[in-house]
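Read-outs: derived from the displayed coordinates by stated rules, not from any lab. Because the structure is a prediction, the values reported are computed rather than measured. Virtual Cβ from ideal backbone geometry, glycine too; neighbours counted across all protein chains shown.
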Amino acid sequence: SRRVTVRDLAKAKRNGERWAMLTAYDALTAGVFDEAGIPVLLVGDSAGNCHLGYETTVPVTMDQMVMLSAAVVRGTKRALVVADLPFGSYQESPAQALHNAARLMKEAGVQAVKLEGGERSARTIELLVDAGIPVMAHIGLTPQSVHAFGGYPVQGRGDEAAHRLLRDAKAVQQAGAFAVVLEAVPAELAAQVTEHSAIPTVGIGGGPGTDAQVLVWTDFAGMTAGRVPKFVKQYANLRATLAQAATEFAADVREGTFPGPEHSFS
Ligand code: KIV
Ligand code: NA
């Protein structure tokens with residue numbers, strides 16, 4: 001069976017059908033989500049903090065994104081794979097963005113790219129779309145701007161900020177984006193943007209009114225160490241499960257109860 005396409009997502013919007021997106025950073029995990037029927041997988045630059053051990057997404061490089069994205073593509077058959085353009089890989093010029101988006105498509109085989117910014121990125125989105133590259137936009141809280149924001153504050157609070165978000169959503173739609181992520185915005189505003197949007201909105205911390213929902217897989221699976229944001233629902237407790245397994249394995253080895261005869265060759 002073929003992969004999900006941006007046309008399928010446009011049709012879902014017309015039919016009022018909601019869908020789920022998860023991040024993935026490797027073939028193994030991506031394969032699990034693909035088999036579970038998650039229609040869109042995002043190789044997020046959240047790989048920086050969720051997979052590679054950095055504090056933020058800022059240090060993530062193109063070479064890293066190409067390697068992780070190629071693994072996710074290899075591990076999947078059905079999902080539409082979207083890869084993030086990391087910080088510094090598209091802001092210099094639309095030409096730089098085109099060069100790096102093409103790398104993700106040619107070297108990793110992804111079917112779409114994502115970049116941050118509304119009005120400020122509209123010209124770049126337009127050039128990529130003109131070149132035949134499906135682009136997912138990302139507005140509201142854009143984590144690559146963490147040092148400009150001074151953290152990860154909720155966006156779109158107050159009339160002026162709300163109007164800016166509506167303008168950003170309109171700008172990326174007009175530039176030809178096939179979908180737009182709304183991160184950390186009040187639920188009422190995200191619903192309002194969705195109502196005015198001809199392309200699917202994908203919420204993360206945007207309440208129940210968006211067309212789609214995305215979660216970072218390590219958050220949704222309970223793999224993340226420490227606190228997770230308010231908008232995360234943990235559907236599993238993988239960190240505790242794996243830690244328990246590792247603890248038991250170490251104890252079995254210390255006590256000589258593993259391997260048993262059933263795990264040994266005679
Ligand atoms: O990198 C990422 O995981 C993202 C999602 C949170 C949308 O951009
Ligand atoms: Na991202």
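Charges on Cβ only, +1 for Lys and Arg, -1 for Asp and Glu, centred on the Cα centroid of the chain; of 210, 12, 191, which one is farthest towards the dipole's positive end? Result: 12.
What order, most packed first, do the peptides 132-140, 10-18, 190-198, 39-47 have when packing is the mean number of other Cβ atoms within 10 Å of each residue?
Working: 132-140: 24.9, 10-18: 12.3, 190-198: 18.3, 39-47: 27.0.
Per-residue mean Cβ counts within 10 Å order the peptides as 39-47, 132-140, 190-198, 10-18.
Packing, as the average of other Cβ atoms within 10 Å across residues, places the peptides 99-106, 225-232, 200-207 in the order 200-207, 99-106, 225-232, highest first.
Run the dipole for region 1-112 about the Cα centre, Lys and Arg Cβ at +1, Asp and Glu Cβ at -1, nothing else charged, and hand back the magnitude in debye, nearest 20. Walk me through the numbers before you get to the answer.
Values: 12 positive and 11 negative charges, 149 e Å.
The calculated dipole for region 1-112 is roughly 720 debye.
Please enumerate, by chain and number, the lysines with C-alpha under 26 Å from the C-alpha of residue 233, excluding those fewer than 8 residues away in the same chain. Partners found: 13, 114. Note on residue 11: aspartates and glutamates with a C-alpha under 14 Å away, same-chain residues under 8 apart excluded, are 211.
Can you give the calculated 222 nm mean residue ellipticity of the chain, where each DSSP H run of n ≥ 4 adds -39,500 (n - 2.57) and the sum is split over every residue, rounded to the nearest 500 deg cm²/dmol? Display every interim value, and only then the final one.
On the way: 11 runs with 108 residues, N = 266.
About -12000 deg cm²/dmol.
Here the dipole of region 129-261 is about 200 debye; that uses its Cα centre as origin and unit charges on the Cβ of Lys and Arg (positive) and Asp and Glu (negative). A Cβ-based charge dipole, computed about the Cα centre of region 6-235 with Lys and Arg at +1 and Asp and Glu at -1, lands at about 380 debye. Of the residues 261, 161, 135, the one whose Cα sits farthest toward the positive end of the charge dipole of region 134-266, with +1 on the Cβ of Lys and Arg and -1 on the Cβ of Asp and Glu, is 161. Per-residue extension of 0.36 nm, minus the Cα-Cα distance of residue 264 and residue 56, leaves a gain of 70.4 nm for this segment.
For the pair residue 255 and residue 67, label points projected 7 Å from Cα toward Cβ lie 3.9 nm apart. Under the criterion of Cα pairs below 8 Å and six or more residues apart, the relative contact order for the chain equals 15 percent.
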